[in-house]
Amino acid sequence: MERPDATRVLVVANQKGGVGKTTSTVNVAAGLAQLGQRVLVIDLDPQGNASTALGVDHHRGVPSTYDMLVEGRPLIEVISACDDLPGLWAVPATIDLAGAEIELVSVVAREQRLARAIAAHPLVGSAADAGEDRFDYVFVDCPPSLGLLTLNALVAGREMFIPIQAEYYALEGLGMLLETVDMVRQHLNPQLTISTILLTMYDARTRLASGVADEVRSHFGDQVLKTAVPRSVRVSEAPSYGQTVMTYDPASAGALSYLEAAREIARKGAPHS
C-alpha cells in the first residue's frame with residue numbers, strides 16, 4: 001500500500017466494554033504493518049490487553065505509557081518493537097496506569113500530555129520533516145471509560161476509530177461518546193474527526209446483525225467500513241498466545257477481515273481539514 005504523506009494518529013475508543021476495541025486496534029495495526037506500513041500502538045488501557053496481544057512485556061517496571069504521561073519520559077524511550085511483525089511497535093501499559101487518572105488531576109495541561117509526547121517524537125510528522133523512517137500510523141487504544149486517559153487520547157488524535165458490536169445495544173452509549181467528542185472539538189482539539197467505524201462480532205446469518213449494520217450505516221454513512229469482522233474463535237484465542245490473529249492464524253476469516261479493514265483505512269486516506 002502507498003504510505004500516507006504524514007503520520008495519521010487514530011484514537012480507538014468506545015466506552016462500552018466488550019465491543020472488540022482492543023482486538024480491532026491490534027489487528028488493524030498488524031494488518032497495516034503487513035501491508036508495508038510503519039505502525040505504533042500506544043496502549044492507554046491499564047488492563048494492558050493490547051500489550052499482551054502484541055507480545056510486548058508489560059510487567060511493572062517496564063518503560064510504559066505511565067512513565068510517558070505521568071513522569072514525562074519522552075515517547076522515544078518507552079517504545080518496544082513487536083517481534084512477530086516487522087514494522088510494528090508498541091508502548092506497553094502497566095498496572096501503574098490505573099493510578100494515572102488520579103495523579104494527572106493536579107498536573108498542568110493534564111489533557112495535553114499525550115498530544116505533546118506524540119508531537120515531540122522525531123518519527124512523527126510529514127515525509128519532509130520525519131523522513132522515510134517515520135511512523136505512518138499511531139493507534140491509541142483507550143480504556144473503556146471517558147476519563148482523563150481517554151481525554152488525553154482525544155486531544156492527541158486527528159482521527160477517531162470506533163468499533164461497534166453488531167448487537168441490539170450497539171448504539172446505546174454511543175451518544176455519550178459523541179457528546180464527549182463534540183466537547184473536545186469545541187474546547188481542546190478542533191481537528192478531531194470520526195473517520196472510521198468498524199462493525200465487529202458480525203453474524204451474517206442473523207437478521208439482527210444486518211439490522212444493526214443498516215442502522216449504523218444510515219447514521220454514519222461513509223465513515224463505516226464496508227468490511228465487517230465476523231465472530232471468530234481464532235480472533236479470541238490469539239491474545240492468549242501473545243499474538244494478533246494476523247500471525248496466529250493468517251488464513252482465518254477474522255484475520256482476512258481485519259486485513260481488508262486495514263486496506264480500506266489506508267485507501268481512504270486521512271480526512272481533509
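Do you know which of the residues in region 139-169 that are touching an Asp or Glu at 6+ places or on another chain (Cβ under 8 Å) and hydrophobic (A, V, I, L, M, F, W, C) is nearest to residue 39 (Cα to Cα)? Write out each step before concluding.
Taking region 139-169 as the starting set, the residues that turn out to be touching an Asp or Glu at 6+ places or on another chain (Cβ under 8 Å) are 141-144, 147-149, 151-152, 155, 166.
The next check asks that each one be hydrophobic (A, V, I, L, M, F, W, C); those that pass are 142, 148-149, 151, 155, 166.
Working: 142: 17, 148: 24, 149: 21, 151: 22, 155: 20, 166: 27 Å.
Going through the qualifying residues, I end up with 142.
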Checked against (1) at pLDDT below 95; (2) under 20 Å from residue 143 (Cβ atoms), residue 108 satisfies every condition except (2)
For residue 178, only one of the following conditions fails: (1) in a helix (DSSP H, G or I); (2) in contact (Cβ under 8 Å) with a residue 60 or more places away in the chain; (3) over 28 Å from residue 33 (Cα atoms). What is its number?
(2)
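Consider residue 184 carefully, then state whether it is among the hydrophobic types (A, V, I, L, M, F, W, C) and under 21 Å from residue 79 (Cβ atoms).
Numbers: among the hydrophobic types (A, V, I, L, M, F, W, C): yes; under 21 Å from residue 79 (Cβ atoms): no.
Taking the combined requirement at face value, the residue does not satisfy it.
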Hey, among 102, 76, which residue is in contact (Cβ under 8 Å) with a residue 12 or more places away in the chain, over 18 Å from the mean Cα position of the chain (by Cα) and surrounded by fewer than 21 Cβ atoms within 10 Å (Cβ to Cβ)?
76
Scanning region 22-73 residue by residue, those polar (S, T, N, Q) and either buried (at least 19 other Cβ atoms within 10 Å of the Cβ) or at pLDDT 95 or above (or both) turn out to be 22, 23, 24, 25, 27, 34, 37, 49, 51, 52, 64, 65
Can you work out which of the residues in region 237-272 that are of a type in the set (Gly, Ala, Ser) and without any contact (Cβ under 8 Å) to a residue 24 or more places away in the chain is nearest to residue 210 (Cα to Cα)?
253
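Is there a residue being in contact (Cβ under 8 Å) with a residue 12 or more places away in the chain, surrounded by fewer than 17 Cβ atoms within 10 Å (Cβ to Cβ) and not in a strand (DSSP E or B) anywhere in region 147-164? Break it down into steps so the answer makes sense when it comes.
Of region 147-164, the ones in contact (Cβ under 8 Å) with a residue 12 or more places away in the chain are 147-164.
Okay, now just the ones that are also surrounded by fewer than 17 Cβ atoms within 10 Å (Cβ to Cβ), so 147.
This time we only want the ones that are not in a strand (DSSP E or B), so: 147.
Yes, there is a match, as at least one residue in region 147-164 is in contact (Cβ under 8 Å) with a residue 12 or more places away in the chain, surrounded by fewer than 17 Cβ atoms within 10 Å (Cβ to Cβ) and not in a strand (DSSP E or B).
The values are calculated or read from the model by the stated rules, or taken from the named source; none is laboratory data. This is a predicted model, so every value here is computed, not measured. Cβ: placed from backbone, ideal geometry, glycine included. Neighbour counts: every protein chain shown.
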